[in-house]
Every structure is written in C-alpha cells, then in structure tokens.
Amino acid sequence: MHFLHDGCSDLLYLLFPVWAREFSLSFAQVGLLRTGYSGALALFQIPAGLLAERWGEPRVLVAGTLITAAGFMCLGTAGSFASLLVFLVIGGVGSGTQHPLSSSLVSRAYEEGPRRAALGIYNFSGDLGKVTWPACVAFFTAWVGWRWAVQGMGLVVFATAVAIFFVLAWLVPDRGEVQVRRAAGRKVDGWGIRNARGFTLLSMIHGIDNGSRTVFLTYLPFLLLGKGAGMSLVGLALGLTFAGGAAGKFVCGILAERLGIIRTVLVTEAATGLGILMLLALPLTPALVLLPVLGIALNGTSSVLYGTVAELVAPERLARVYGLFYTIGIGSGAVAPPLFGLLSDAAGVPVTLALLAAVVLVTLPLAQLLRRTVESPRTRST
C-alpha cells in the first residue's frame with residue numbers, strides 16, 4: 001500500500017510542469033495544486049485513525065484506496081485549474097488513510113521486535129513507489145498523453161484496493177481480537193502520549209522536514225528546466241532523487257538502531273541543507289550526479305522519526321497518534337508550497353531554494369533539545 005500511495009503522491013511532481021504549460025499556471029498555483037492533494041491527505045489522517053479504532057485498519061485502508069482510485073480516474077478529465085484542484089483533493093482524502101493505518105499495523109506487529117528497522121523497510125517500499133510510478137507515468141505521458149497516463153494509474157489503484165482487501169483479511173486478526181484491542185484502548189486516557197514534550201519536538205522536526213522536502217520536490221523540476229534540462233531529463237532526475245530517498249529510508253532506519261536517533265537526524269538534516277545549496281551552484285550534469293546523494297539525506301530522517309513515535313505512545317492509541325503525527329508533517333507539506341511559490345514568482349526558484357536550505361538547518365537545535373527530552377527518565381502523559 002505504501003508503494004502505491006506514495007507513488008500516486010509523487011508522480012504529481014512530474015506533472016506540475018506539464019499542467020503549468022497547458023493551463024498557464026503561476027508558481028503559486030502550482031503550489032496550490034500540491035496543497036490540494038497534501039492538505040486533503042493531511043486533514044483526513046486523524047479521522048482515519050479514529051475510524052480504524054471502530055472498524056479496523058483494513059476496511060478503512062481499502063475504502064480510502066478506492067477513493068484515491070476515483071480521484072485519479074477523474075483527474076484525466078480535468079479541463080481547468082479548478083477541476084485539477086478538486087480531483088486532487090479527492091485523491092488526497094483517500095490517501096490520508098495509508099500512512100497512519102499502515103504504520104499502526106507495522107508498529108503493532110513489531111511491538112516486541114526491531115520496530116524502527118521494520119518501519120524503515122516499510123518506508124523503503126514507499127520510496128520504491130516514488131521511483132517506479134513517476135517513471136511509468138513519464139513514459140506513458142510521452143506515449144499517450146498525461147490524461148490517459150493518470151487514468152491508467154487510477155485503474156491500477158482500483159485493482160490493488162480490491163486485491164489488498166483479501167490479503168489484509170487473511171493477515172490481520174479477526175474481529176473478535178480487534179474488539180478485545182478496542183476494549184483495551186478504552187482504558188487509556190486521552191491520546192495516550194506518554195512524553196508530551198518529546199512528541200512535540202519530534203512533530204516540529206517532522207513538520208520542517210516534510211514541508212521542506214515537499215517544497216524542494218515541487219520546484220526542483222523548474223530549477224532543472226532553468227539549467228537546460230528537457231522533460232525526459234527531469235523525469236530521470238526525479239527518479240534519481242527518489243531512488244536515493246528509497247536507499248536513505250532503508251539505511252537510516254537501520255543506522256538509527258545502532259547510532260541513535262539524534263545523531264542520524266543531525267547528519268541527514270545538515271546534509272540536506274548543504275546539498276540544496278550545492279545543487280544551486282552546480283551546472284546540470286554535476287547536479288544530476290548529486291541528486292541521488294541528496295535524496296538519501298532528504299528522505300532518511302523520516303524513518304527515524306516514525307519509529308520514535310511508537311516509543312512515546314501507548315500501543316492502544318497508535319493509529320490515532322500516527323494520524324496526528326502525519327497530519328502535522330503532511331499538513332506542513334501542504335501549507336509550504338504556495339507560500340514558497342509566491343516567493344518564486346517574485347524572486348525566482350533559486351532564491352526560494354536557498355531560503356529553504358536555511359529553514360532545513362533549523363532542525364539541528366531542535367534535535368539537540370529532543371536528545372535531552374528523550375533521554376530524560378521522566379515522561380509526561382497527555
């Protein structure tokens with residue numbers, strides 16, 4: 001599911017320049033399209049977690065995937081900026097179920113095992129989708145046009161939703177066991193967050209990290225076009241970035257088990273900020289070489305953060321708290337693109353990305369504060 005939904009989200013980066021040309025969009029409008037999908041995705045994550053406590057993760061997950069399929073099939077019929085925005089919102093609502101519910105299932109399965117490494121592999125699968133689906137859509141867009149390409153993606157999502165319904169019914173505990181878990185969940189007060197300060201700092205880092213990544217990927221194609229790249233080369237560049245991101249999530253999830261979360265976060269965030277500045281200065285060919293390395297740093301932080309959430313929360317409240325955590329992160333990713341788009345319209349994409357690099361480095365002092373909070377023997381419940 002992560003392979004599919006992350007692919008749906010990130011293939012949009014390839015289509016933004018196509019839509020900007022066809023519908024004469026400004027950078028701010030491109031940012032609003034990103035906001036439509038990411039914002040709807042973010043806002044539906046907490047409701048998805050609450051619904052899962054009542055009906056179980058598999059049912060809500062499958063229903064959301066069907067809604068995403070409908071959004072993409074309709075997207076191929078869009079004739080204006082407004083219709084693009086509406087159909088992206090529909091697709092985002094459906095994808096809002098995936099992150100909190102899948103993370104909850106994985107975290108519960110590895111409650112007594114290497115949870116962070118398992119979540120690293122889960123996140124790795126999502127980045128494989130980011131590599132695979134944009135490449136497929138780029139190929140079919142060149143062959144049959146973007147409308148048929150996104151409608152074909154919608155059909156793939158629909159078929160996967162039907163198949164995954166039967167797979168999850170086989171893998172996940174039966175309703176009786178789910179009801180026992182719900183009963184246990186009612187004994188936990190509030191949200192079940194055991195360390196409120198630690199969760200707040202973790203969420204702040206996640207918000208900056210995810211928002212920065214979304215802005216970077218939204219405007220990276222325009223930076224490369226300005227360096228002289230064609231659309232096919234832009235598709236390759238995104239594929240290289242996502243491939244690096246896939247490796248980053250897999251490797252950093254495992255490294256965090258050995259080196260600790262704070263060191264891993266400090267290294268990846270510092271490398272992200274410096275990598276963006278280097279990218280601005282380099283000509284096209286060296287920039288393409290840098291992108292996989294930058295992708296490792298750009299996406300590596302998230303695996304570390306996701307696994308740490310489960311250590312701060314009661315197991316019975318994982319679905320809803322993951323919904324809250326992802327809402328903060330993806331909500332930041334929804335708000336940031338149009339704001340940075342306004343700056344791009346006024347000052348240009350290079351200036352925007354230079355400012356973005358400075359924002360990324362704000363996570364470094366936050367990570368040091370998180371070190372003291374997480375390593376403290378005291379916890380705070382909420």
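Only the coordinates and a few stated rules stand behind these numbers; no lab work does. All values reported here derive from a predicted model rather than from experimental measurement. Every residue, glycine among them, receives a Cβ derived from its backbone with ideal geometry; neighbour counts consider all protein chains shown.
Some notes on this structure:
- Mean-position separation - Cα centroids, the range 309-353 and the range 29-46, in angstrom: 10 Å
- With all pairs of different C-alpha atoms in the average, the Kirkwood value for the hydrodynamic radius of the range 222-319 is 14.5 Å.
- Modelled spin-label separation between V251 and R54, with each label point placed 7 Å from Cα along the Cα-to-Cβ direction: 4.5 nm.
- Of S9, S83, S24, the sequence from fewest to most neighbouring Cβ atoms within 10 angstrom is S24, S83, S9.
- Straightening the chain between V351 and W191 buys 53.5 nm, computed as 0.36 nm per residue apart minus the Cα-Cα spacing.
- Inter-part distance, the range 193-211 to the range 96-118, computed on C-alpha centroids, equals 18 Å.
- Computed [θ] at 222 nm, deg cm²/dmol, the chain (DSSP H ≥ 4; -39,500 (n - 2.57); rounded to nearest 500): -29500 deg cm²/dmol
- Intensity falloff of the range 256-297 expressed as log10 I(q)/I(0), Debye formula with alpha-carbon point scatterers, at q = 0.22, 0.25, 0.27, 0.35 Å⁻¹: -0.68, -0.78, -0.85, -1.13
- Our analysis of the chain gives Rg over Rh at 0.96, with the two radii drawn from alpha carbon positions and Rh computed by the Kirkwood formula.
- Long-range HN-HN contacts of G192 with modeled amide H, under 5 Å: T382
- Debye intensity ratio I(q)/I(0), log10, the range 106-172, q values 0.22, 0.24, 0.28, 0.29 Å⁻¹ (C-alpha model): -0.98, -1.04, -1.12, -1.13
- For a paramagnetic label modelled on T285 (point 7 Å from Cα along Cα→Cβ), amide N atoms under 17 Å away belong, within the range 222-240, to 227-230, 233-234, 237.
- Residue-wise HN-Hα coupling along the range 26-37, computed from phi with Karplus coefficients 6.51, -1.76, 1.60 (Hz; x: Gly, Pro): 7, 4, 5, 5, 4, x, 5, 5, 4, 5, x, 6
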